[in-house]
Structures are given as C-alpha cells and as structure tokens.
1. Find the accessible area per residue for region 73-191; the probe is 1.4 Å, ligands and nucleic acids are left out, and the unit is Å².
2. At what distance in nm do the modelled label points of His92 and Glu291 sit from each other, each positioned 7 Å from its Cα along Cα→Cβ?
3. Give me the number: length gained by fully extending Thr397 to Arg332, i.e. 0.36 nm times residue separation minus the C-alpha to C-alpha distance, one decimal in nm.
4. Measure off 7 Å from each Cα along the Cα-to-Cβ vector at Thr314 and Val225, then give the distance between these two points in nanometres to one decimal.
5. What's the ranking of 282-293, 395-406, 256-267, 96-107 by average number of surrounding C-beta atoms within 10 Å, highest first?
6. Report the calculated FRET efficiency for Arg258 and Lys116 (r = Cβ-Cβ distance, R0 = 41 Å), to the nearest 0.05.
7. In the set (1) 34, 23, 21; (2) 52, 20, 18; (3) 37, 21, 20, which value of semi-axes √(5λ) of the Cα gyration tensor in Å was calculated from the structure you see?
8. Restricting to lysines 8 or more places apart or on different chains, can you count the pairs in the chain with Cα atoms under 27 Å from each other?
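The values are calculated or read from the model by the stated rules, or taken from the named source; none is laboratory data. In this text the structure is predicted, and so the values were computed from the model without any measurement. Please note: Cβ atoms are built from the backbone with ideal geometry, for glycine as well, and neighbour counts cover all protein chains shown. In case anyone asks, the SASA skips ligands and DNA or RNA and just uses the protein heavy atoms, side chains included. Shrake-Rupley method; radii C 1.70, N 1.55, O 1.52, S 1.80 Å.
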Amino acid sequence: MTVGIIGGGVSGLFSAYYLRRSGCDVTVLDNGTFADSCSHGNAGMIVPSHIIPLAAPGMIAKGIRWMFQSDSPFYVKPRLNWELMRWGWLFHRHATAGHVERAIPILRDLSLLSKKGYQELAMADEFDFGWQERGLFMLYQTAESEHEMAEEADVANRAGIDAQLLTGQQVQDLEPDARVTVRGAVYYPGDAHIYPNQLIPALVAQLRRMGVTLLENQQVVDLAVQTGNVRSIRTTAGEHSFDEIVLAAGAWSPDLMRKLGLNLPLQGGKGYSFMLPEPGQSIRIPAIMLEARATATPMNGQVRVAGTLEIAGTDLSVNANRVRGIVQSINRYYPDLPVAQPATETVWRGLRPCSPDGLPYIGRLKHLTNVTIATGHGMMGVSLGPATGMLVAEAVTGRPASLPLHPFAADRFN
C-alpha cells in the first residue's frame with residue numbers, strides 16, 4: 001500500500017513512522033523544508049495533565065478582556081472573516097461545563113497513549129530526543145489562581161492524573177538551583193519533556209533510514225477527486241498518486257479540505273518562543289506560569305521560554321509587543337534568570353492548528369474512502385504526536401483503533 005502524507009510537521013512525521021512500521025510505502029510532502037516545521041519551537045512538554053480543553057467556562061470572558069491588551073497572553077486579531085466568525089461561535093458553544101466533562105477522559109486517554117509511545121521510543125533507543133520525566137509545575141502567585149488550581153488538581157486526581165498542591169517553599173525545594181517567587185503550584189509528576197530541536201531532525205533521519213521518501217518544497221495546488229477517492233495530488237513540483245492520503249497540514253489544512261468539499265473549522269494560533277542561552281541559574285522542572293500564560297522548559301543546559309496564543313489566520317510576522325509580554329512576565333516567577341527582549345530574528349514563531357472544541361481531528365473522512373486527517377492539536381501537537389501517528393496508521397491499514405475515533409471526526413460540526 002502506498003501512502004502520501006501532506007505535511008511534514010510532528011503529526012505527519014509520526015504518522016509516517018507508524019505507517020512505515022505497519023509495512024506501508026510512505027511518502028511525505030511538505031510545502032517547505034523539514035528543518036523549519038512548526039514543531040521545532042515547541043515548549044517540548046508532554047502533558048497528560050492537560051485534560052481540560054481550551055474551550056472551557058470562563059475562557060470567553062478572559063479572551064474578551066485580553067483582546068484589548070497588546071501584550072496579553074491571548075489575542076484574536078479582529079477581521080471580517082466568515083471562517084473566524086464560525087470558529088468563534090463554535091468555541092462559544094463548547095465553552096461549557098458539560099463539554100469539559102465529556103472531553104476530560106478523551107484527552108486523558110489520548111495523552112496517556114502518547115506518553116506511552118514516547119516511553120517505548122526512548123527505551124527502543126532508535127533515535128534520541130532528550131526524553132526526561134521530571135513532571136510539570138503550574139506556578140501561581142495569587143489567591144484567585146490558587147483557588148482555580150486547587151479545583152483543577154481535584155479534577156485531575158478524580159480522572160486518575162496525579163496532581164499535588166505545593167506551597168511556595170515546596171516548589172523551591174524542588175528547584176534548588178534557581179530562585180522561584182510564587183504562592184504555590186500544582187505539581188504533575190507524571191508529565192515529561194523533550195527537546196523538539198532534537199526530536200524533529202532525529203525523527204526525519206530515522207524515517208530516511210526506514211525507507212520513507214521525504215519531499216520538500218511541495219506546495220499542494222490541487223487534489224483530483226474521482227468516484228469518492230483522491231486520485232492524485234498536484235504540487236508545484238509535480239503530480240503524485242497514492243493508494244491512501246493522510247492530510248496533516250496543520251494550520252493550512254482548511255485550504256486543502258475545501259478542495260475536498262469540507263469546511264473544516266480550524267484557526268492558526270500563533271505562538272512565540274526563544275532561548276535563554278547559558279542562564280547561569282537553570283531550572284530542573286518545566287513550568288507553566290499561570291497568570292502570565294507563559295512557559296519555561298529546561299533544554300540542554302538552556303531554558304526555552306514560550307507563550308501567547310494569537311488567532312491571526314496564517315500571518316507569521318512577529319509581534320514585538322507580544323514577545324515583550326512574555327519577557328516581562330518571566331522575572332515575576334524566576335527573578336534571577338537573565339531575560340532580555342530578544343532580537344526579532346532570533347524569535348521562533350509558529351502556528352498551532354486550533355479546533356473550536358479543543359479536540360484534534362484524527363481519522364478517516366466519511367465522504368472520501370482513501371483520506372485520513374491528522375490536525376487540530378492546538379498547543380499539544382508535540383505532546384500528542386505518537387498517539388496521533390498510531391491512530392492514523394490503524395485507520396489507514398484497517399486495524400482496530402487503540403481509542404474510539406468518533407470524538408475526533410472531521411465532520412463533527414456539520
């Protein structure tokens with residue numbers, strides 16, 4: 001069986017890995033280069049703790065408040081756009097307690113499957129990606145956040161995810177090499193982290209060793225559909241035909257889905273990251289700084305700082321004000337880390353494909369017999385990479401699915 005994967009990000013690459021392990025002849029087509037995927041600048045957190053979807057009660061009010069602050073952690077660029085308005089309406093519809101309750105076991109099981117996949121890859125030692133199981137801090141500084149985090153910890157523990165409420169001193173005891181100024185934290189010992197700059201090149205090299213064909217600078221121009229099948233993919237570099245197609249094009253997936261007759265609700269959520277080179281004092285445990293909505297992850301002796309979610313279409317320009325908001329927030333939590341406004345050219349930015357209900361799109365399309373989708377993971381693309389690849393491989397080859405796929409159906413909003 002020949003399989004063509006459109007998209008060379010983490011979802012496409014892990015799909016290629018598990019499809020090749022299943023015996024398929026795999027080709028990956030990317031519109032750029034594999035050295036420049038969205039996943040490179042990811043915070044690198046593997047987070048079974050993230051069981052509450054972005055579409056949750058209170059997010060609408062926070063989003064409206066943050067929209068008017070140029071350096072806020074969440075921003076929707078105002079524009080007259082039907083797809084954005086539909087996405088916003090669907091997000092509003094799903095920001096309910098009932099949706100959160102239904103989504104929790106779905107996200108939990110998907111994340112735990114993915115963590116198991118990473119553990120198996122680390123033990124197999126096929127390629128190195130900096131796997132570390134040190135947990136995750138959710139740091140907070142206010143009584144309001146403490147109350148919110150205590151509730152989330154209770155939800156996590158009831159769902160079977162270990163969550164521990166720590167005082168500020170207990171946080172400091174676990175971070176002996178860097179001063180931390182917080183009221184407290186929720187500690188998730190079951191979380192882990194990797195080094196994305198190491199994962200992507202290593203995975204690409206492993207795929208080449210396995211015999212996967214990787215084609216760069218292949219922007220898809222058209223998809224030829226005939227009698228319920230995609231017969232060929234036409235790119236700027238030529239035409240390709242495959243038995244099966246996997247669509248894993250990230251934030252650009254809606255454009256391709258329209259060519260297939262489906263309106264996919266999905267928006268690109270732009271995020272930024274940069275490295276603190278040789279910070280002197282380094283951290284041991286990855287952290288999300290709750291009030292700032294920024295992250296800090298130890299990576300190869302450095303610290304990667306990341307943050308913001310900017311719904312701005314497919315605009316990849318760097319908004320200096322939003323980067324400044326990240327910079328100014330770090331020393332509120334880690335006062336001794338040397339943080340300065342980075343030069344624009346050193347700031348990584350990427351588009352996280354965000355569905356309106358906070359669940360990814362994974363599985364076969366109903367109206368086309370040879371197309372499988374893998375996108376919409378939001379800020380958890382790297383975290384959910386192995387699980388996505390496994391589920392895609394099972395769907396394409398007809399094997400029983402490791403998890404029910406109906407919650408991830410591409411047409412669930414139609």
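1. With all protein chains present, region 73-191 gives 51 Å² per residue.
2. In this crude label model, His92 to Glu291 measures out at 3.1 nm.
3. 18.4 nm
4. With each label point 7 Å from Cα toward Cβ, the separation is 1.8 nm.
5. On the way: 282-293: 21.7, 395-406: 13.7, 256-267: 19.2, 96-107: 15.6.
The peptides rank, most packed first, as 282-293, 256-267, 96-107, 395-406.
6. Calculated transfer efficiency: 0.70.
7. Answer by label: (1).
8. Values: Lys62/Lys77; Lys62/Lys270; Lys77/Lys259; Lys77/Lys270; Lys115/Lys270; Lys259/Lys270; Lys259/Lys366.
Taking the Cα cut-off of 27 Å, the pair count is 7.
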